[in-house]
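Here's the structure, in structure tokens; my notes come after.
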Amino acid sequence: MSAPKKHYSIGIFDSGVGGLTVVRALMERLPLESIVYFGDTARVPYGVKSVATIEQYAAQIVDFLLRRNVKMLIVACNTMAAVALKTISAHAKGVPIIDVIEAGARAAADGRGGRIGVIGTPTTINSNAYARRIHALDPGARVYSQACPLFVPLVEEGWLDHPVTRLAAQEYLRPVLAEDIDSLVLGCTHYPLLKPLLRDVAGERVRLIDSALTAAELAAARLQQTGLAAMDAEPASYRYIVTDIPLRFQTIGERFLGRSFGEIERADW
Ligand code: DGL
């Protein structure tokens, strides 16, 4: 592939609809950048699948996006970032990669040896990827991890402030809060939508780290470093490509994106 150009889009990908939290953060932080979003809605959820399966899916998605001329890849899915980053790099043909785990770990590890809680899907938590990355950045940090498998379906159901979700949050967070954490990494695309509820359950003293926001910051910095930031010449365009029929993506996605979609395409693999 020829060298990426400033006017190419940023390719953002996820297992489904959740990565739209990263798209939203990116649209706000980098309004000049065009985006191609890929959501693997036919095969979601990834968070309970095996590493080999996720690697295979991630490789297919990267190959697909590279055929659409992207200048940067953003791994919006924490589960893919946790277990398939090597595969993604091997397929990226030198295109810069930003991933939500690097972004979240950097925001959490402030070098002061903090007590950090991490929540995510079972595959993300079992991989230990956040803990490894945080320790590499801040060896004095203590990391307490907790899988929260019910959160993804509850968010997709729209139960963002429902008694059932509150009860699940209290149960899941009890062991990490007992460790007197000072920060909590929201290590899954869906969890930013639960911020008000998690803030209530965790208390004001605990800093919530939203890896969607920090990924957008990291992308902005990398575009500057690599000289790939878009110039003002043309308005940004947004493309959404999914693998299942777009109906459910459209209905749920607007909640994640905070605005309405234009056209949603079905992937022609
Ligand atoms: N996108 C996934 C993540 O951030 C959550 C949904 C899924 O399990 O596929 O981990």
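Some notes on this structure:
- Positive-end residue of TYR240, ALA105, THR21, charge dipole of the chain with Cβ unit charges: ALA105
- Expressed as a fraction of 2.2 N^0.38 Å, the value expected for a compact globular protein of N residues, the C-alpha radius of gyration of the stretch 167-269 is 1.42.
- Whole-Å semi-axes of the ellipsoid equivalent to the stretch 73-164 (Cα gyration tensor, √5λ, descending): 24, 20, 11
- Charges were assigned to the Cβ only: +1 to each Lys and Arg, -1 to each Asp and Glu. The resulting dipole of the stretch 93-133 about its Cα centre is roughly 100 debye.
- Remark on VAL143: its backbone amide H falls under 5 Å from those of ILE116, a criterion applied only to residues 5 or more positions apart or on other chains, H modelled at 1.01 Å from N.
- Kirkwood Rh, angstrom, the stretch 128-192 [1 / mean 1/r, Cα pairs]: 13.1 Å
- GNM flexibility winner over the chain from ALA52, ALA82, ALA103 (Cα, springs under 10 Å): ALA52
- Highest-first arrangement of 239-246, 168-175, where packing means the average Cβ count within 10 Å: 239-246, 168-175
- Cα coordinate range in the stretch 85-239, projected on the principal axes (Å, largest first): 48, 38, 30
- Considering the stretch 1-62 at the alpha-carbon level, its Rg and Dmax are found to be 13.5, 37 Å.
- Calculated on C-alpha atoms, the gyration radius of the chain divided by its Kirkwood radius gives an Rg/Rh of 0.95.
- Each residue, HIS162 and ASP180, gets one label point 7 Å from its Cα in the Cβ direction; the gap between the two is 3.7 nm.
- Flagged links, alpha-carbon separation over 31 Å, of LYS5/LYS195; LYS49/LYS195; LYS5/LYS86; LYS49/LYS71; LYS5/LYS49: LYS5/LYS195; LYS5/LYS49
No value in this document is a laboratory result; all are computed from the given coordinates. Just so you know, these numbers come straight off a predicted model, no measurement behind them. Reconstructed Cβ throughout: ideal geometry from the backbone, glycine too, with neighbour counts over all protein chains shown.
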